[in-house]
Amino acid sequence: MNSRFENPAEKRELSGVVVENPNTPNVCVLYPAAVTDEQLETMWIRAEEGDYACVENSR
């Protein structure tokens, strides 16, 4: 399997943004902090409010 990174096991720092819209649930988008614009097009995670849970509350 090919990777877009030289070392796929290397840990990456994530950035995130919450997109607020009064008519729909808020959306949280997480993405790698240090990638090219081309890589960023396919390397992100999107979650609507209610799709995620606090890890501490899940224990």
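Averaging over all projection directions, the Cα-based convex hull of region 14-58 occupies 4.0 nm² in the image plane. Projected label points at Val55 and Thr24, each 7 Å from Cα along the beta carbon direction, are separated by 2.9 nanometres. Distance from a point 7 Å along Cα→Cβ of Arg12 to each backbone N in region 39-59: keep the residues under 12 Å and list them by number. The answer is 39-45, whose backbone nitrogens lie closer than 12 Å to the label point.
Coordinate-derived values only; no laboratory data. Because the structure is a prediction, the values reported are computed rather than measured. Cβ sites come from the backbone with ideal geometry, for glycine too, and all protein chains shown count toward neighbours.
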